[in-house]
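A single structure is presented below for examination.
The values are calculated or read from the model by the stated rules, or taken from the named source; none is laboratory data. Quantities reported herein were computed from a predicted structural model and do not represent experimental measurements. Cβ coordinates were reconstructed from backbone atoms using ideal geometry, including for glycine residues, and neighbour counts include every protein chain displayed. What goes into the accessible areas is simple: the full protein's heavy atoms, side chains included, and nothing from ligands, DNA or RNA. Shrake-Rupley method; radii C 1.70, N 1.55, O 1.52, S 1.80 Å.
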Amino acid sequence: MILKNIGTTLEMIKIEHTLFALPFAFLGAVLAAHGLPTAMQILWITLAMVGARSTAMAFNRIADKDYDARNPRTKMRAIPAGALSVGFVLVFTIFAAALFLFAAAMLNRLTLLLAPVALASVVLYSYTKRWTLLSHLILGWCLAIAPTGAWIAVRGSIDSPAPLLLSLIVMLWTAGFDVLYACQDYDFDRREGLHSIPARFGIAQSLWISRLLHVGAFLALLALYFVTHLGLLAIAGLVATGALLIYQHALVKADDLSRLNAAFFTTNAFVSVILFLTFGGASLLRS
């Protein structure tokens, strides 16, 4: 029964979507190390990422359980559908948070000191939609912690603008696709009094806001290239990322959101991997 519940919990929190964020953490670590980090650093960074994201997603499902039960899109999630109890998911959340803190402690002192800030961010995010339409940027901040955190895990300090630029890329990229994703819940958010950019500005204007956020992400990526001077392979990453972002927005129209999931999963599954392979690969080739 416990194993079944754990499996259902992992499915509920979409553990496989950790792949969206993990390459950014690895990229931060590779850039910090000017090559490969140590095997132990890679291990603890990976466990910290899994712990932090699992904490965030599981707690979000608890915090949003009543809204999920009323939303036709989410009413079959594990808690409102009765597949998991709140108590079980809470225990899982505490375990995941403990894993994150332990992994941070195994990296270095500064990583451990900053870990509560990261943990508080991913937990408090779940409530932000109740009071601010900036929840999309706050979600971006939560994911943006990963690359700078990985840099600190390797170096023990922030001694370059590179990790901050990488985090800015992640924050704006995440906020942009979260605005797109929130368009699905336009009617529900307005009915429930929840704050989101689509609920406030409508779907058509929100698509433009998402595009502007992604333009900002691309400009930050361009700045990262000029800071790192990583050559042709990194330029290939720039071009591929720009093309994927354009493709994502070409799929979604204000009067047709039917291909939104394709835009969300196709581009987000590849952007972080492409940047890791190109910028990270260029750094490894230079080392």
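Which of (1) surrounded by fewer than 18 Cβ atoms within 10 Å (Cβ to Cβ); (2) part of a loop (DSSP other than H, G, I, E, B) is the odd one out, the single condition Pro80 does not satisfy?
Exception for Pro80: condition (1).
Looking at (1) more than 30 Å from Leu164 (Cα to Cα); (2) at pLDDT 90 or above, which one does His34 not meet, given that it meets all the others?
Evaluating His34 over (1) more than 30 Å from Leu164 (Cα to Cα); (2) at pLDDT 90 or above leaves (1) as the failure.
Next question. Here are the criteria: (1) out of contact with any helix residue (DSSP H, G or I) (no Cβ under 8 Å at 6 or more places or on another chain); (2) at pLDDT 95 or above. Tell me which single one Met76 does not satisfy.
(2)
Still on this structure: Only residues that are of a type in the set (D, E, K, R) and within 15 Å of Leu172 (Cα to Cα): list them for region 207-256, please. Steps first, answer last, please.
So the first thing to find is which residues in region 207-256 are of a type in the set (D, E, K, R), and the list is 211, 253, 255-256.
Matches in region 207-256: Arg211 only.
Still on this structure, I have one more. Considering only residues that are of a type in the set (A, V, I, L, M), open to solvent by less than 30 Å² (accessible area, probe 1.4 Å) and under 22 Å from His34 (Cβ atoms), which ones fall in region 212-268?
Ala220, Leu221, Leu224, Leu230, Ala234, Leu238
Now, a different point. Consider only pairs whose beta carbons are under 7 Å apart and that are at least six residues apart or on different chains; among these, list those whose first residue lies in region 139-162 and is farther than 15 Å from Val122 by Cβ and whose second residue is open to solvent by 30 Å² or more (accessible area, probe 1.4 Å) and of a type in the set (S, T, N, Q).
Here the result reads Ala153/Gln41; Ala153/Asn108; Val154/Gln41; Gly156/Asn108, each pair linking region 139-162 to a residue that is open to solvent by 30 Å² or more (accessible area, probe 1.4 Å) and of a type in the set (S, T, N, Q).
Could you tell me whether region 239-254 includes any residue that is of a type in the set (Lys, Arg), more than 30 Å from Leu27 (Cα to Cα) and assigned to a helix (DSSP H, G or I)?
Keep residues of region 239-254 that are of a type in the set (Lys, Arg), which gives 253.
Then drop every residue that is not more than 30 Å from Leu27 (Cα to Cα), which leaves 253.
Among the residues that remain, those that are also assigned to a helix (DSSP H, G or I) are: none.
No.
Inside region 166-190, can you point out the residues that are open to solvent by less than 10 Å² (accessible area, probe 1.4 Å) and either charged (D, E, K, R) or in contact with a strand residue (DSSP E or B) (Cβ under 6 Å, 6 or more places away or on another chain) (or both)?
The one that is open to solvent by less than 10 Å² (accessible area, probe 1.4 Å) and either charged (D, E, K, R) or in contact with a strand residue (DSSP E or B) (Cβ under 6 Å, 6 or more places away or on another chain) (or both): Asp189.
Would you please list the contacts, defined by Cβ atoms under 6 Å and residues six or more apart or on different chains, that run from a residue in region 109-138 that is closer than 22 Å to Phe201 by Cβ to a residue that is of a type in the set (Gly, Ala, Ser)?
As it stands, the answer is Thr128/Ser135; Lys129/Ser135; Leu133/Ser196; His136/Ala175; Leu137/Ala175, since those pairs meet every condition given.
Right, here's the next one. Could you tell me which of the residues Thr128, Thr148, Thr132 is under 27 Å from Phe177 (Cα atoms), in contact with a Pro (Cβ under 7 Å, 6 or more places away or on another chain), open to solvent by less than 50 Å² (accessible area, probe 1.4 Å) and of a type in the set (Ser, Thr, Tyr)? Reasoning before the result, please.
Working: Thr128 fails: in contact with a Pro (Cβ under 7 Å, 6 or more places away or on another chain); Thr132 fails: in contact with a Pro (Cβ under 7 Å, 6 or more places away or on another chain).
Matching residue, one of Thr128, Thr148, Thr132: Thr148.
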